[in-house]
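The values are calculated or read from the model by the stated rules, or taken from the named source; none is laboratory data. Since the model is a prediction, treat every value here as computed from it, not as a measurement. Neighbour counts run over all protein chains shown; Cβ positions are idealised from the backbone, glycine included.
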Amino acid sequence: MGQTFKYTFLSLIRNGGVLVWALAFPIVLATMFYAMFANLDYDAFGRDIGLIVVDDEAWQARDNEPLRRTLDALTETGSSSGGDGALIAMRTAPDEKRALEELYAGDAVAALLVSDSEPELLMKRDPADSMIGVKQSVVQTVLESTEAIDTTATNAIEQRLRGTADMSKLSGENFVNDLESVLSSTIGADYSQRISITENAPDENARYYYALLGLAALFAANLGLVAMNELLPGTGAVGARRSISALQHRSQIAGSLLAAWLLAFLCLLIGFLYMDVVLRVGFGHRELACVGVLALGSALATALGAVFGALPKLPTAAKAGILTGVACVGALFAGLYGTACMELADTVASLAPWSVYINPAQGISQAFFSLYAYDSMTPYGFAMLGLAALTLVLTGIAYLLYRRQRYVSV
Amino acid sequence: MTIVSVDSLVKRYGELVALDHFSMAIEGGEIFGLLGPNGSGKTTAINCILGLLPYDKGTITLFGEPMTPTSYDLKARIGIVPQNVAVFEELSVRENIDYFCSLYVTDKSRRRELVDEAIDFVGLSGYEKFRPKKLSGGLLRRLNIACGIAHKPTLIFMDEPTVAVDPQTRNHILEGIVRLNHEGATIIYTSHYMEEVEEICSRIMIMDHGRSLAQGTNTELKAMIGMGERLRIEVANADDELIANVRSLPSVISATIDQGFLCVDCKTGAHNLVDVLELLQCRGVSFGRIYAEPPTLNDVFLEITGTELRDER
């Protein structure tokens, strides 16, 4: 078995065609993702968004206090998406005319003025700035969210105060100051507290890399396909010669598939290291557990490839073609092909949770995601169990198919 | 001792009967030739014997035991040189031989010796690091042989090992086969080239349409047919009357003119040539070069089946 392992490994690693799909293609695709997502980096539009505020009497009205405070907070360092700058770069203008002049002369994206007691945003059109729409969306979201939160918070606090506080202390003119003093004595000085439910900040882009690793594993399944295919007597003279040799079939299968597994694992490991170290994709700082996913994922891929390699009455090229199709469909339901695809994958997973366990790409992607998104290792454990179970099932199917093809033809 | 025994083997592919109650018995130490045209069932018979094909009826024993896909003890004593080259394209000459030898021999140092011997035996020294795609057709065939015999099997199946090789390589291969036999291997050699079979095989079976038509030594097979020798005499001005006269001689089986040569098939006899030459002299026909050839296996095949061995070289 050792020699079978050694020479199968050598044979596969020298098979350039297979290695391109298993090793080079995922690295190329990851690099393309990186280039694409760099344009979507929130830090590119999540800081120093220029906003001109018309600082007149209407703006200084009491009703606009929440919005003023919100914008003040968002101009402070630490409010940007990266945490090292300010989200909004606010400048004031005395009136609308000057505000508009400054808006079109400078790099601000919008002007904010209060008209008929309602805040109003004037958006600039600038075809030269490809990110202006996104930035204006941020500003608009700030405005709308502030209004909505203000309303909600006010209602919630009033309801709570009715039950706990001395309402007689609340007066009309100094409502906010009175409210704060009442709140601090009844509820506590900290009205809200930011907590993180996970160790890692949410990163939607990372899921695409996880799906890519799932696809890479399915491409690496070609190694298992080739290894199994060359054992079959009906696929060529090499298989015939091997099948009438003195080494037991089980040993030959084990040696060949172990070699394919090792090579698939190495290909995935290289791709993973490239994403982790070079592209800095988030894997939740659990690299060792990630290696476990790679090991089990490559075993699953090898078993899947072995099933296809053992399919009867199909030429090798057809088997490889079908496997490629399966890989692409599997990656579809792992969410690889974009936002809509990721939403589809999430929808399918929520409607049919069992589907995660029959799609190798999704299973592998899910295992990585569980490491990133959850503190507990339980979801990871379940994901790994699913991968292991599918591996065993596919290995059994491959062996049974092989046994039915011990002859060159029937 | 009978090494291979095949009794009434039947193999069908749907309506097509590839082997039709085919029987064969091969003794130890023989080079047994299986001769027949393409499609006669030679490879099918070999594949059935090796357990690569299931068969519908009959029995097959090797070394006195039935052959099954899991008869690993029997397989350890067998080597094959298949008709299609069976090597890994990505491995070098040495790696290929070492791998296939490792399927039989687990001891590393012993295997190294065997691989070295096999490389020398087939004349691939100097090509050890070459990959198959860098080898010529003849060298590739040699590699194919080396992979099949490196582990020193006692029974070797060679299925048309000289297809599409140059004459030098063919001679090298045939010499090698004889050497293997002298070293103790029993060899089953299939071919549709009668010259090779005549040259090296101690016993020959002629088969066609899945059946054994005749078997014996070279001499025994030729003795089965009426023809004793073929005379080819270069003549000038031969006519139909001359041919008729030649045909009327008692020892003559047939007579034709072929590209200036009078071709006369004669029964076994000591005076065939004298009789024909005397007739030519009487008729005043001048003649030149004269050849007297014993019958070939093709003649045997022709007499038995009425057709020639197809795809002759």
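Please work out which residue is modelled with the highest pLDDT, limiting yourself to the range B:148-178 and to residues that are within 14 Å of B:Y193 (Cβ to Cβ) and touching a Lys or Arg at 6+ places or on another chain (Cβ under 6 Å).
By that ranking, first place goes to B:T162.
Which of the residues that make up the range B:249-267 are surrounded by fewer than 19 Cβ atoms within 10 Å (Cβ to Cβ) and either in contact with a Cys (Cβ under 6 Å, 6 or more places away or on another chain) or part of a strand (DSSP E or B) (or both)?
If the condition is that a residue be surrounded by fewer than 19 Cβ atoms within 10 Å (Cβ to Cβ) and either in contact with a Cys (Cβ under 6 Å, 6 or more places away or on another chain) or part of a strand (DSSP E or B) (or both), then B:S251, B:I253, B:S254, B:T256, B:I257, B:D258, B:C263, B:K267 are the ones that fit.
Scan the range B:158-176 and tell me whether some residue there is touching a strand residue (DSSP E or B) at 6+ places or on another chain (Cβ under 6 Å) and of a type in the set (G, A, S). Don't jump to the end; show me each part of the working.
Of the residues in the range B:158-176, the ones touching a strand residue (DSSP E or B) at 6+ places or on another chain (Cβ under 6 Å) are B:158-161.
Remaining after also requiring of a type in the set (G, A, S): none.
Looking through the range B:158-176, none of the residues is touching a strand residue (DSSP E or B) at 6+ places or on another chain (Cβ under 6 Å) and of a type in the set (G, A, S).
Matching residues to (1) part of a loop (DSSP other than H, G, I, E, B); (2) surrounded by fewer than 16 Cβ atoms within 10 Å (Cβ to Cβ); (3) modelled with pLDDT of 85 or more; (4) aliphatic (A, V, I, L, M):
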| residue | (1), (2), (3), (4) |
| --- | --- |
| B:E241 | no, yes, yes, no |
| B:V246 | no, no, yes, yes |
| B:G269 | yes, yes, no, no |
| B:Q281 | no, yes, yes, no |
| B:V285 | yes, no, yes, yes |
| B:D299 | no, no, no, no |
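Can you list the helices (runs of 4 or more DSSP H) found entirely within the range A:41-145 that contain at least 3 residues being buried (at least 19 other Cβ atoms within 10 Å of the Cβ) and at pLDDT 90 or above?
In the range A:41-145, there are no helices (runs of 4 or more DSSP H) which contain 3 or more residues that are buried (at least 19 other Cβ atoms within 10 Å of the Cβ) and at pLDDT 90 or above.
Based on this model, can you work out whether A:Y399 counts as more than 14 Å from chain B (Cβ to nearest Cβ) and farther than 30 Å from A:I244 by Cα?
Taking the combined requirement at face value, the residue does not satisfy it.
For residues in the range A:308-327 being over 30 Å from the mean Cα position of the chain (by Cα) and outside any loop (DSSP other than H, G, I, E, B), which is surrounded by the fewest Cβ atoms within 10 Å (Cβ to Cβ)?
Going through the qualifying residues, I end up with A:A317.
Among the residues of the range B:216-235, how many are among the aliphatic types (A, V, I, L, M) and at pLDDT 85 or above?
Residues flagged as among the aliphatic types (A, V, I, L, M) and at pLDDT 85 or above within the range B:216-235 amount to 4.
Go through (1) closer than 18 Å to B:F100 by Cβ; (2) away from chain B (no Cβ under 14 Å) one by one and return the number of the condition A:A301 breaks.
With respect to (1) closer than 18 Å to B:F100 by Cβ; (2) away from chain B (no Cβ under 14 Å), A:A301 is out only on (1).
Considering each residue of the range B:52-68, count those that are touching a Phe, Trp or Tyr at 6+ places or on another chain (Cβ under 8 Å) and either assigned to a loop (DSSP other than H, G, I, E, B) or facing another protein chain (nearest Cβ under 7 Å) (or both), and give that number.
Result for the range B:52-68: 3.
May I ask you to verify whether B:T68 is assigned by TED's automatic domain parsing to the domain that holds B:E196 and surrounded by fewer than 16 Cβ atoms within 10 Å (Cβ to Cβ)? Break it down stepwise before answering.
Working: assigned by TED's automatic domain parsing to the domain that holds B:E196: yes; surrounded by fewer than 16 Cβ atoms within 10 Å (Cβ to Cβ): yes.
For B:T68, the condition - assigned by TED's automatic domain parsing to the domain that holds B:E196 and surrounded by fewer than 16 Cβ atoms within 10 Å (Cβ to Cβ) - is met.
Just to be sure before I move on: is B:E278 over 19 Å from B:I46 (Cβ atoms) and under 28 Å from the mean Cα position of the chain (by Cα) in the structure I sent?
no
Restricting attention to the range B:75-100, which residues are facing chain A (nearest Cβ under 9 Å), under 26 Å from the mean Cα position of the chain (by Cα) and in a helix (DSSP H, G or I)?
Scanning the range B:75-100 gives B:K75, B:F100.
Would you mind finding the one in B:E128, B:E113 that is surrounded by fewer than 18 Cβ atoms within 10 Å (Cβ to Cβ) and in a helix (DSSP H, G or I)? Break it down into steps so the answer makes sense when it comes.
On the way: B:E128 fails: in a helix (DSSP H, G or I).
Criteria check complete, one pass: B:E113.
Would you check if there is a residue in the range B:261-277 being polar (S, T, N, Q) and either touching a Leu at 6+ places or on another chain (Cβ under 8 Å) or closer than 30 Å to B:I156 by Cα (or both)?
yes
Tally up the residues in the range A:272-292 that are under 16 Å from the mean Cα position of the chain (by Cα) and either part of a helix (DSSP H, G or I) or buried (at least 24 other Cβ atoms within 10 Å of the Cβ) (or both), please.
Summing the residues that are under 16 Å from the mean Cα position of the chain (by Cα) and either part of a helix (DSSP H, G or I) or buried (at least 24 other Cβ atoms within 10 Å of the Cβ) (or both) in the range A:272-292 gives 5.
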